[in-house]
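The values are calculated or read from the model by the stated rules, or taken from the named source; none is laboratory data. Worth saying up front: this structure is predicted, and the values here are computed from it rather than measured. Every residue, glycine as well, gets a Cβ built from its backbone with ideal geometry; the counts of neighbours run over all protein chains shown.
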Amino acid sequence: MAGLRVGDLEVLGSGGTGIYHWGCFPMAPFAGRIRRGRLSWAGRTYQLPITFGAHAIHGVAIDRAWSVDHLTATTARLSCPFDSRWPWAGHAVSELRLAEDGVDAVLEVHADADPMPAWTGWHPCFRRQLARGEPARLDFTVEGMLQRDDEGMPTGEVIPRSGGPWDDCFTGAAWPATVTWDGALQLCITSDAGYVVVYTDEASMVCVEPQTGPPDAVALGRHAVVEPGHPLVTRMSWGWSPA
């Protein structure tokens with residue numbers, strides 16, 4: 001989703017010129033960082049391309065063209081095969097449905113041949129300041145937060161939620177989360193994802209990212225295993241109303 005206009009208000013924005021700071025993009029077949037791009041699974045270690053600092057990040061679908069499989073005025077179904085940067089043959093499917101007061105999204109990760117690890121989600125960049133109203137205020141409920149080490153990676157230890165600003169993964173997400181621009185709009189986010197990454201360390205945007213697993217999920221044993229005919233499916237819905 002490159003943009004979302006609610007009435008006269010553009011809700012999604014850009015935090016800079018990089019490809020990871022705009023709109024709302026699906027992360028597939030993995031979400032967040034993989035430490036130094038090294039993924040060890042089923043007795044083998046694979047080296048993924050380093051795409052952000054010292055790590056691999058946000059999957060292999062963000063910089064590829066998606067095929068439009070079906071399109072109407074209010075619905076879209078798109079698909080994207082994974083290229084050779086991902087060690088297993090597979091593809092992602094994204095479905096969007098727009099209503100007057102919300103949008104529903106479904107994201108699927110498919111294995112085309114062999115079983116593979118996967119964890120997925122979305123990366124929405126909401127504008128911190130809309131054309132009117134107060135700056136964005138974020139409310140969300142979680143069970144805990146994954147501790148980060150000196151590389152910014154989760155260690156697997158769950159600690160109490162700290163105060164922001166955040167660039168952190170939270171466990172036990174209790175939806176909805178809300179982004180409120182007082183005097184303008186409130187947007188409620190719901191999902192069946194068990195994790196949420198919250199990023200507020202940017203002057204122009206806030207990110208609330210539903211994810212099925214945390215960054216480096218395979219190393220932490222928090223990933224899914226996708227087999228042919230049994231995709232990893234997750235859902236997200238946004239609903240909005242005046243605030």
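What is the residue count in segment 131-173 for residues that are surrounded by 14 or more Cβ atoms within 10 Å (Cβ to Cβ), of a type in the set (S, T, N, Q), free of Cβ contacts under 8 Å to residues at least 24 places away in the same chain and over 23 Å from R36 (Cβ atoms)?
Counting residues in segment 131-173 that are surrounded by 14 or more Cβ atoms within 10 Å (Cβ to Cβ), of a type in the set (S, T, N, Q), free of Cβ contacts under 8 Å to residues at least 24 places away in the same chain and over 23 Å from R36 (Cβ atoms) gives 0.
Against the definition (in contact with a Ser or Thr (Cβ under 9 Å, 6 or more places away or on another chain), closer than 16 Å to S237 by Cβ and among the aromatic types (F, W, Y)), how does F140 come out, yes or no?
yes
Against the condition modelled with pLDDT of 95 or more, within 17 Å of V11 (Cα to Cα) and surrounded by fewer than 20 Cβ atoms within 10 Å (Cβ to Cβ), how does G102 come out, does it pass?
yes
Which of the numbered conditions does R235 fail, given that it passes all the others? Conditions: (1) buried (at least 19 other Cβ atoms within 10 Å of the Cβ); (2) among the basic types (K, R); (3) part of a strand (DSSP E or B).
Failing condition for R235: (1).
Can you work out which of the residues in segment 40-68 that are exposed (fewer than 14 other Cβ atoms within 10 Å of the Cβ) and among the polar types (S, T, N, Q) is farthest from D216 (Cα to Cα)?
Ranking the candidates gives S67 first.
Just for strands (runs of 3 or more DSSP E) wholly inside segment 134-220: which have at least 1 residues that are more than 14 Å from the chain's Cα centre (by Cα)?
137-141, 144-148, 154-159, 167-171, 174-181, 185-191, 205-211
Considering each residue of segment 174-189, count those that are crowded, with 20+ Cβ neighbours inside 10 Å and closer than 17 Å to A31 by Cβ, and give that number.
So the count comes out to 2.
Output the residue which, of all residues in segment 1-58 that are part of a loop (DSSP other than H, G, I, E, B) and farther than 30 Å from T74 by Cα, is modelled with the lowest pLDDT.
The residue in question is G53.
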